[in-house]
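The values are calculated or read from the model by the stated rules, or taken from the named source; none is laboratory data. Everything numeric in this text was worked out from a predicted model, so none of it was measured. FYI the Cβ positions are ideal-geometry reconstructions off the backbone, even for glycines, and counts take in every protein chain you see.
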4 protein chains.
Amino acid sequence: MVRAAILGSRGYTALELIKILLQHPRVEITALTTRQDESSDVSQVHPILSGRLDVRCERLDVSEIAERADVVFCCLPHGASMATIPGLLDAGLRVVDLSADYRLDDAQTYNQWYGLKHTDPDRLAETPYGLPELPGHGVDETIQLVANPGCYTSASILALAPLLSERLIEATGIIIDAKSGVSGAGRSPKLSNLYPECNESISPYGVGNHRHTPEIDLVLSRASGQAVKVVFTPHLVPMDRGILCTMYCRPTGQWSCEDMMRSLGEFHGDGHRFVRIVDHLPRTRDVSGTNFCDITVRESGGLLVVFSALDNLIKGAAGVAVQNFNLMYGFPETAGLLPGRAGEWSGDE
Amino acid sequence: MVRAAILGSRGYTALELIKILLQHPRVEITALTTRQDESSDVSQVHPILSGRLDVRCERLDVSEIAERADVVFCCLPHGASMATIPGLLDAGLRVVDLSADYRLDDAQTYNQWYGLKHTDPDRLAETPYGLPELPGHGVDETIQLVANPGCYTSASILALAPLLSERLIEATGIIIDAKSGVSGAGRSPKLSNLYPECNESISPYGVGNHRHTPEIDLVLSRASGQAVKVVFTPHLVPMDRGILCTMYCRPTGQWSCEDMMRSLGEFHGDGHRFVRIVDHLPRTRDVSGTNFCDITVRESGGLLVVFSALDNLIKGAAGVAVQNFNLMYGFPETAGLLPGRAGEWSGDE
Amino acid sequence: MVRAAILGSRGYTALELIKILLQHPRVEITALTTRQDESSDVSQVHPILSGRLDVRCERLDVSEIAERADVVFCCLPHGASMATIPGLLDAGLRVVDLSADYRLDDAQTYNQWYGLKHTDPDRLAETPYGLPELPGHGVDETIQLVANPGCYTSASILALAPLLSERLIEATGIIIDAKSGVSGAGRSPKLSNLYPECNESISPYGVGNHRHTPEIDLVLSRASGQAVKVVFTPHLVPMDRGILCTMYCRPTGQWSCEDMMRSLGEFHGDGHRFVRIVDHLPRTRDVSGTNFCDITVRESGGLLVVFSALDNLIKGAAGVAVQNFNLMYGFPETAGLLPGRAGEWSGDE
Amino acid sequence: MVRAAILGSRGYTALELIKILLQHPRVEITALTTRQDESSDVSQVHPILSGRLDVRCERLDVSEIAERADVVFCCLPHGASMATIPGLLDAGLRVVDLSADYRLDDAQTYNQWYGLKHTDPDRLAETPYGLPELPGHGVDETIQLVANPGCYTSASILALAPLLSERLIEATGIIIDAKSGVSGAGRSPKLSNLYPECNESISPYGVGNHRHTPEIDLVLSRASGQAVKVVFTPHLVPMDRGILCTMYCRPTGQWSCEDMMRSLGEFHGDGHRFVRIVDHLPRTRDVSGTNFCDITVRESGGLLVVFSALDNLIKGAAGVAVQNFNLMYGFPETAGLLPGRAGEWSGDE
């Protein structure tokens, strides 16, 4: 059994991670940290876990974590992650970082978008970006640290990377109109997350300056070998979870929806069990609670409109983190994510 | 025009109050206070008011308020209210207090339930309890301070007072199972009010110790001339606004639902335009955004089950505050609350 | 008093219309029709109206309507409207039609998008399109029939018409990514409107073929004197009411957000009390229950992003219908819509 | 592998059943029926299953079902179930019936509450009531047909049976104030289930005549050896799923909350992994998506208030159906329900 620690265990992503790892046949959760002084049973922090996990959420230092765990899922906020992770790595731990701290590839872009000086720039450049559906992602059994992708980013890239790689759509002027449930805003109380503020309302935010923008541009550019530039507009929707991206693209030549669907199907066809190229228009409730990303396309007014939907807490965070973990340990990519599925696990199971 | 100030103007109740007063033909809103240092335009605090009211939310002292206003609607929390109101009264202002500070009639009960020493006990005893549907409420043009009732309290009392006054139900063992929308918890960020905590969930809270309990007991006892004791259990429901009370009562003698409905109809019949005795089972959406309270009864297993529904922010707070204000100024009780209704306003309108 | 009939009184738009007309100082609601055989008290159909309106919803023929009413608000579905309205007009009634039947200007486009042969094509061409914020709308005291605009259409046009008229943005390739609450889908039970289908989900629909598309193109082309073509993508959002349009536009020349805001302000500045050009990003909850439309702009990736929000049942349907009614009768445009507002009504009120 | 058929596969309960069975290591889903003429791929009916199950929803007769399956989960409505099940049993199939048709034990009570003549009365009397947490439930490897309990019923009985069996509370006058999400009302379109009817509203229904009442009375009476009578009031809450029961009980003698908790803990202690006796007040979101039922108690005004929460579609329907199935096949009771949990499966897994 791999012993796993989760740092920043009070949040919504950490809860999803715990729920997935509880059904992973090769993992035991051995440590949960919080930056609060008070130590609490995990079932006080997340009552849904009552009777299912007997670990306390507590403040632990690196040596205590290293003693108890082999791998760390770091759910700390950006900034706090890069302050913590170098120590964990030095202590020999393997790390999946769910923050944004190791996703970009140069410190300057990081400094500019996050308003913080990056304190670990060398590692930033060499850390693989863990979106396992991208060829050449570089996450394997030799890797000690993986940067887990952003939720909006995954939803966008899984749909656009195939089309851009084949040069079926233009690399600039892509519009991503994105809609997210409120859990994406985290579990720290603030006015804009209150029930009576979010309920019965949809609102845009972060227009032109959301931090997933450079991440989308960077990864799509790398994946397609050209300079990709997107216009990204996120919106807050009155629901717990789910992201829907509606993407407007200009095809480069003669085209049909069938061509685009074929390209998507070929890219995601072999072995990428978590991307579903569907005929119907995706609804977030059809991916909610799962690690799937549903994608389809339509034509409208001469543009290609691409839709993708995923659960921001799972395929957008905790689920892909477990995919990365599985790759780091040579486990089947679906382990813990599709329990009971025939063929999930080969071997002695 | 009566010049009105609202203290504690950032909350949900204050917003409803402003919306009602904007359609009141005899009121001008002249001051809005906040305990925050920063002064803001009201449309920044409540964007729904953009272009409709040009007053700033600012920190004001008693003399500034007294200079600008004739009447004060005090939406401060309990404790803060009783620290502020004596000064306002001394300055000659008339006050409708929406907090709990002047609702009970002895300081000891207050101290016990609110965990605070009451600092204005003499006035506590003599302040009228402003539930205008109760006979002898005592709110009239001579009154300087009125205690506005609690939301759960109003929903309970409007339904139970008639039946208790006529001794149709037993005075003890009444069970009030109450359900409220989240706006009742206020606009201060805390974990339990976050969208992802409240959404897709119903939960009880304050079982056996909610502060509206002694208020319900006191007012029902006074209204019916006997010692009334209720068991009160509130629940949080995933909706913005609305309270539904389901009340289980033991009839005192032979009875039928028709008897009970007749008693309710007679009590609320003459001139109480805001209580509707209905045949259908009440839904909160049928009172939402209105100053109505809908009430009906059913028989179940030998018990009388009474249902009442109201909008916690309006009939449970801001709407009844305006009813009280109207009584204090000799205006029609419906002024501002039923705009355009034939006969709302007699005279020179 | 003007005597008003509402046809198709069981729906959500009809309910909003009733609520507005109840607070209109010059209107009496005298007839409500339904196509169901059973006649019901309006408070059975809409319990929120209990005690507020004593009119039955019943099947009425044209002569009965003409006997009771002066003006008809027609909330029938498209097709049913054009089958009914000629008779109403012949009987001397004035009509505000809330369906799509008289919005377009040629029968062929209607036939193509609605899959129905238009049965009253001459009148189609000459009926004014009642969006009162557009110069030259043509709704005045001489008019017998007005076509009330669509909800998505109003939200789009109020924001885009000013910019297109001044040629500040290109006329083609405008992308309108629209989000609507579920009440927009009407009150007829169907699987896709069920609570457990809509809740916790956002989904696109009608991509490339929504019937508001030709209406938007037509009205914007007419308003700006050029051929406008939009790409329109509606989405269903888990909320009762509200529409948010996120619109991506290519500016024609050198520009700044300030320029665009100035253009919007000038267009909507004089006397258009229901359009608010705001600095903050609009949320639908800040227009919910009101007749306001909030608009702002931002720059993103070289594009102009325009946001507009309105309540689909009010500013998108019942509220603008009352604006049109007011224009047809020479009443202040705000009558019934901003009760109590100083200056709403000039004269003997 | 056991081959399973699901009858009535279009509903919400059937979907949950499919999701659970997909992660059951000993089950293969081989047939899905619908009473509609049209045959559809299951992913059209339930898009969340895209790519996960390749079975069509189709109209099948008994012999076709018997050819494909060993066990049938019958999700047909009451009435339709008893018309179908005798034929299935004759064909040698084993059946878990999720309808109410075999839950009661005499035809007369059934006829009275369901308004239908029971057509299979002998089998009604002898069919075990499949609530596996009750001692003597009688579901084992010899049983061919099991009646799966109602959702409200399970939530009530799991909490009250222990206290009644030990005579800690009085058998009559128990009040069950129950609150349910909308999925409990099924997936057939009707006005009362529409999003804009349910959202932002809580409403009582079925007061004094809900069909789970005789089921609760019967099972509690049988479990405790005395005549139990409850007053049951269900309410509809704006959420997809979840049931909360608030139960008011009169203790029979001297008591404390600790006594009651101890009794609950002993009853549910050994091997009932799906009932959690918790200290905190239960929220439905803490059992949502799980097969757990959370229970706690409080004192209020001399009464014992008992709270229980479960997911109506899982522990209240599909989850307990799989528990029953596991008992019928000698599988671990948790198989399929707690994937990955250490010790779920003993043997060759």
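Take region C:288-315 and flag every residue that is at the interface with chain A (Cβ under 9 Å from one of its Cβ atoms) and assigned to a loop (DSSP other than H, G, I, E, B).
Within region C:288-315, C:S288, C:G301, C:G302 qualify.
For the subset of region D:215-224 comprising residues that are in contact with a helix residue (DSSP H, G or I) (Cβ under 8 Å, 6 or more places away or on another chain) and away from chain B (no Cβ under 14 Å), which member is nearest to D:S165 (Cα to Cα)?
Across region D:215-224, the extreme among qualifying residues is D:S224.
What pairs can you find where one residue is in region B:301-313 and more than 30 Å from B:S9 (Cα to Cα), the other is of a type in the set (S, T, Y), and their Cβ atoms are less than 7 Å apart, with a gap of 6+ or different chains?
Between residues of region B:301-313 that are more than 30 Å from B:S9 (Cα to Cα) and residues that are of a type in the set (S, T, Y), the close pairs are B:L303/B:Y248; B:V305/B:T246; B:V305/B:Y248; B:V305/D:T233; B:F307/B:T246; B:F307/B:T296.
Among the residues of region B:66-77, is any touching an Asp or Glu at 6+ places or on another chain (Cβ under 7 Å) and surrounded by 21 or more Cβ atoms within 10 Å (Cβ to Cβ)? Step through it out loud before you land on a result.
In the first step, residues of region B:66-77 are kept if they are touching an Asp or Glu at 6+ places or on another chain (Cβ under 7 Å); the result is B:74.
This time we only want the ones that are surrounded by 21 or more Cβ atoms within 10 Å (Cβ to Cβ), so: B:74.
Within region B:66-77, one or more residues are touching an Asp or Glu at 6+ places or on another chain (Cβ under 7 Å) and surrounded by 21 or more Cβ atoms within 10 Å (Cβ to Cβ).
Out of the residues in region B:235-279 that are in contact (Cβ under 8 Å) with a residue 60 or more places away in the chain and among the hydroxyl-bearing types (S, T, Y), which is nearest to B:G289 (Cα to Cα)?
Going through the qualifying residues, I end up with B:T246.
Just for region D:138-156: of the residues that are in a loop (DSSP other than H, G, I, E, B) and either of a type in the set (A, V, I, L, M, F, W, C) or in contact with a Pro (Cβ under 6 Å, 6 or more places away or on another chain) (or both), which one is farthest from D:A223 (Cα to Cα)?
D:I143
Can you tell me which residues in region A:192-236 are among the aliphatic types (A, V, I, L, M), under 21 Å from the mean Cα position of the chain (by Cα) and within 18 Å of A:C249 (Cβ to Cβ)?
A:I216, A:V219, A:L220, A:A223, A:V228, A:V230, A:V231, listed by residue number.
For region A:174-192, give me each residue that is farther than 24 Å from A:L160 by Cβ and not small (G, A, S).
Matches in region A:174-192: A:V182, A:R187, A:P189, A:K190, A:L191.
Output the number of residues of region B:153-180 satisfying the condition of being of a type outside the set (A, V, I, L, M) and at the interface with chain D (Cβ under 10 Å from one of its Cβ atoms). Give the steps one after another, and end with the answer.
Here is the first cut: in region B:153-180, the ones of a type outside the set (A, V, I, L, M) are B:153-154, B:156, B:162, B:165-167, B:170, B:172-173, B:177, B:179-180.
Filter again for at the interface with chain D (Cβ under 10 Å from one of its Cβ atoms), leaving B:172-173, B:177, B:179-180.
Total meeting the criteria: 5.
Exactly one condition in (1) more than 18 Å from the chain's Cα centre (by Cα); (2) in a loop (DSSP other than H, G, I, E, B) is not met by B:L134; state its number.
Here B:L134 meets the rest and fails (1).
Looking at (1) assigned to a loop (DSSP other than H, G, I, E, B); (2) more than 19 Å from A:P149 (Cα to Cα); (3) not aromatic (F, W, Y), which is the only condition A:S9 fails?
(2)
Being more than 7 Å from chain D (Cβ to nearest Cβ) and in contact with a helix residue (DSSP H, G or I) (Cβ under 7 Å, 6 or more places away or on another chain) is the filter; apply it to region B:200-214 and report the residue that is surrounded by the fewest Cβ atoms within 10 Å (Cβ to Cβ). Explain how you work it out, then say what you get.
Of all residues in region B:200-214, those more than 7 Å from chain D (Cβ to nearest Cβ) come to B:206, B:209-214.
Narrowing further to those that are in contact with a helix residue (DSSP H, G or I) (Cβ under 7 Å, 6 or more places away or on another chain): B:211-212, B:214.
Details: B:R211: 19, B:H212: 24, B:P214: 21.
Ranking the qualifying residues of region B:200-214, first place goes to B:R211.
Any idea which of D:S192, D:S263, D:S203, D:S180 is outside the structural domain of D:D106 (by TED's automatic domain parsing), hydroxyl-bearing (S, T, Y) and farther than 28 Å from B:L310 by Cβ?
That would be D:S263, the only listed residue that is outside the structural domain of D:D106 (by TED's automatic domain parsing), hydroxyl-bearing (S, T, Y) and farther than 28 Å from B:L310 by Cβ.
Checking D:L244 against (1) under 28 Å from A:C198 (Cα atoms); (2) within 7 Å of chain B (Cβ to nearest Cβ); (3) not in a strand (DSSP E or B), only one condition comes out false. Which one?
Here D:L244 meets the rest and fails (3).
Whether any residue in region D:180-194 is outside any helix (DSSP H, G or I), over 21 Å from D:P77 (Cα atoms) and modelled with pLDDT of 95 or more is what I want to check. Break it down into steps so the answer makes sense when it comes.
Step one: filter region D:180-194 for residues outside any helix (DSSP H, G or I), giving D:180-181, D:186-190, D:194.
Now restrict to residues that are over 21 Å from D:P77 (Cα atoms): none.
Within region D:180-194, not a single residue is outside any helix (DSSP H, G or I), over 21 Å from D:P77 (Cα atoms) and modelled with pLDDT of 95 or more.
When B:S183 is evaluated against the numbered criteria (1) surrounded by fewer than 24 Cβ atoms within 10 Å (Cβ to Cβ); (2) touching a helix residue (DSSP H, G or I) at 6+ places or on another chain (Cβ under 8 Å); (3) farther than 22 Å from D:H280 by Cα; (4) at the interface with another protein chain (Cβ under 7 Å from one of its Cβ atoms), which criterion, by number, is the only one it fails?
It fails just one condition, (1).
Which residues, taken from region B:199-222, are acidic (D, E) and either over 16 Å from B:H137 (Cβ atoms) or part of a loop (DSSP other than H, G, I, E, B) (or both)?
B:E200, B:D217, listed by residue number.
Give the residues of region D:263-287 that are outside any loop (DSSP other than H, G, I, E, B) and surrounded by 16 or more Cβ atoms within 10 Å (Cβ to Cβ), sorted by residue number.
D:S263, D:L264, D:F267, D:H268, D:V275, D:R276, D:I277, D:T284, D:R285, D:D286
Tally time: how many residues in region D:44-65 are closer than 28 Å to D:G79 by Cα and of a type outside the set (A, V, I, L, M)?
Final tally of qualifying residues: 9.
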